[in-house]
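A.B. asks: Have a look at this one.
The values are calculated or read from the model by the stated rules, or taken from the named source; none is laboratory data. None of these values were measured; they are calculated from a predicted model. Here the Cβ is made from the backbone with ideal geometry for all residues, glycine too, and neighbour counts use every protein chain on show. SASA here: full protein model, heavy atoms, side chains in, ligands and nucleic acids out. Shrake-Rupley method; radii C 1.70, N 1.55, O 1.52, S 1.80 Å.
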Amino acid sequence: MKKIKKLSFLFSLIVFTSCTNISNKPLKGITDILGTETDTKKEEIVKEISTQDEFLQEDVVLTNENVSQYLEDIKNKLKNSDKRIETDIAENYKVFVGEYLAAPLEQNTSIKLTNFPKNTSSRLRKDDANFIFRTIYRGNYILSVYQGNSLLRKVNISAITKYNFSENNIYDIITQNLDKKNKTFEDAISLYKIYYPNGVNIRKVNYLLLDYAYEKKNTTMINEALDSLKNDLDSFNDEEKEKIIKAAKLVNKPIFIPASVYRTTNTKLEKEVTNYIKDKPVLDKKDVEFLEKTTKASTTTVEEKKSTLEKITDWYKNNGEVTKAKTVEAQASSSKAESLFDSGIKNMNNNPRLAIDNFKKSLSTERNTEKRAETYYNIANSYVKLGNKIEARKYLTLLKQEASTSTWAKKSDILLKTIK
């Protein structure tokens, strides 16, 4: 559990809310970012003039033994709330990932984040005559400075790391520790996402994170992984799709269901999609049609089937498809009758009175002649168990009047002989 908390510590709160126009949003302190207790004094930007000479990068080779060491370098910048202060207006800046960058702006201007690497997020705000920027992901970011509605200039920010290692190197560390699910595995995933947010293996890495988090039921980490996977369902196999949909249902997170998934013939995947759609607050036409198809062949309880059909009926009514709504409503009524009938069958031996009550109620909505005949027979049989021969004969007579050619009419003759 301690291990899972450590990985969650890195991803849950340093993965900032992505912003494109937050000049009026305050950049909160490290408590907001890391979820840790720090000095609560008002954050102040002090004059810390940096030199570009310090941006010398070192090529390294990652091993199982040193992964945590390089991750710690980034964590320390976050924990210490490191700041890089520039005093001149420029078009290009460099900053280490995890550091704050503060730089001056012209008067009466606003600033927006207009271009950033996929699968990344950052923090940006304007404070007096400065903008303040921070990200945890390596890459190039473009900020646009506006005066009124006119673009004044663009600012390029290169978020770099002190150490460099290859994508294959870090991915190999992840796969080597996949079965162990140890701290090295956790730290390697963290480093990969920070260093290579658009790497060739990022989809696999995010799925490994989701699979790991789902096993631990860590909702924070599941949400983090789903942010990258929720629109990419089609690129996974059926088993992986099942896991992603299960995870989305667990944390109640919207994901995009592609058309190919609605057409699946995989019963397990179909079941997970059905369960996910049922809990969606707002359904669309594809959702409703899918539910209607799967509910007809569903092996769930009658009550669950009835509830789903009623939800489908309401959607058709609210969207002006009255004829369709009536058709599904009839199915729902049939399900209700079937539910009462099933309850009657269950209670015939141990509680005949309750069985009779359920059978009679089911008749009010049952239109199928053969089913009605069977219900009459079961009511009569239940009265026999209670010793009420008069009522038993009454319902056997009704059976023969309504369905004289049914198989139940022949059975009624046999039952009549036993109660004379």
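A.B. asks: If we scan region 123-141, do we find a residue that is under 25 Å from residue 227 (Cα atoms) and of a type in the set (S, T, N, Q)?
C.D. replies: Yes, because at least one residue in region 123-141 is under 25 Å from residue 227 (Cα atoms) and of a type in the set (S, T, N, Q).
A.B. asks: Right, here's the next one. Filter region 129-139 for residues that are free of Cβ contacts under 8 Å to residues at least 40 places away in the same chain and assigned to a strand (DSSP E or B) and give the result.
C.D. replies: Residues satisfying the conditions are 131, 133.
A quick yes/no check of all residues on (1) of a type in the set (Asp, Glu); (2) under 30 Å from residue 395 (Cα atoms); (3) at pLDDT 85 or above:
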residue	(1), (2), (3)
271	no, no, yes
275	no, no, yes
283	no, no, yes
301	no, yes, no
304	yes, no, no
330	no, yes, no
366	yes, yes, no
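A.B. asks: Taking the condition open to solvent by less than 40 Å² (accessible area, probe 1.4 Å) and in contact with a strand residue (DSSP E or B) (Cβ under 9 Å, 6 or more places away or on another chain), does residue 195 pass?
C.D. replies: yes
A.B. asks: In region 140-161, which residue that is in contact (Cβ under 8 Å) with a residue 40 or more places away in the chain and among the polar types (S, T, N, Q) is farthest from residue 195 (Cα to Cα)?
C.D. replies: Among those that are in contact (Cβ under 8 Å) with a residue 40 or more places away in the chain and among the polar types (S, T, N, Q), it is 147.
A.B. asks: What single numbered condition from (1) open to solvent by 10 Å² or more (accessible area, probe 1.4 Å); (2) free of Cβ contacts under 8 Å to residues at least 60 places away in the same chain; (3) within 28 Å of the chain's Cα centre (by Cα) fails to hold for residue 185?
C.D. replies: (1)
A.B. asks: Determine if region 384-393 includes at least one residue that is polar (S, T, N, Q) and closer than 18 Å to residue 353 by Cα.
C.D. replies: Yes.
A.B. asks: From (1) farther than 14 Å from residue 342 by Cα; (2) open to solvent by less than 70 Å² (accessible area, probe 1.4 Å), pick out the condition that doesn't hold for residue 378.
C.D. replies: Condition (1) is where residue 378 drops out.
A.B. asks: For residue 335, state whether it is open to solvent by less than 50 Å² (accessible area, probe 1.4 Å), at pLDDT below 90 and touching a Lys or Arg at 6+ places or on another chain (Cβ under 6 Å).
C.D. replies: Considered against the rule, which asks whether it is open to solvent by less than 50 Å² (accessible area, probe 1.4 Å), at pLDDT below 90 and touching a Lys or Arg at 6+ places or on another chain (Cβ under 6 Å), residue 335 comes out as yes.
A.B. asks: Can you confirm whether region 168-182 contains a residue that is assigned to a strand (DSSP E or B), among the β-branched types (Val, Ile, Thr), modelled with pLDDT of 95 or more and within 19 Å of residue 120 (Cβ to Cβ)?
C.D. replies: Checked against the condition, which is being assigned to a strand (DSSP E or B), among the β-branched types (Val, Ile, Thr), modelled with pLDDT of 95 or more and within 19 Å of residue 120 (Cβ to Cβ), region 168-182 yields no hits at all.
A.B. asks: Pairs only if they're at least six apart or on different chains, beta carbon under 6 angstrom, first in region 97-108 and open to solvent by 10 Å² or more (accessible area, probe 1.4 Å), second part of a strand (DSSP E or B); list them, first residue then second.
C.D. replies: 99/84; 104/130; 105/131
A.B. asks: Taking region 380-406, which residues are free of Cβ contacts under 8 Å to residues at least 24 places away in the same chain and either touching a His at 6+ places or on another chain (Cβ under 9 Å) or in a helix (DSSP H, G or I) (or both)?
C.D. replies: 390, 391, 394, 395, 396, 397, 398, 400, 401
A.B. asks: I would also like to ask the following. Identify, from the list 126, 94, 112, the residue that is of a type outside the set (Phe, Trp, Tyr) and either in a loop (DSSP other than H, G, I, E, B) or under 18 Å from residue 194 (Cβ atoms) (or both).
C.D. replies: It is 94.
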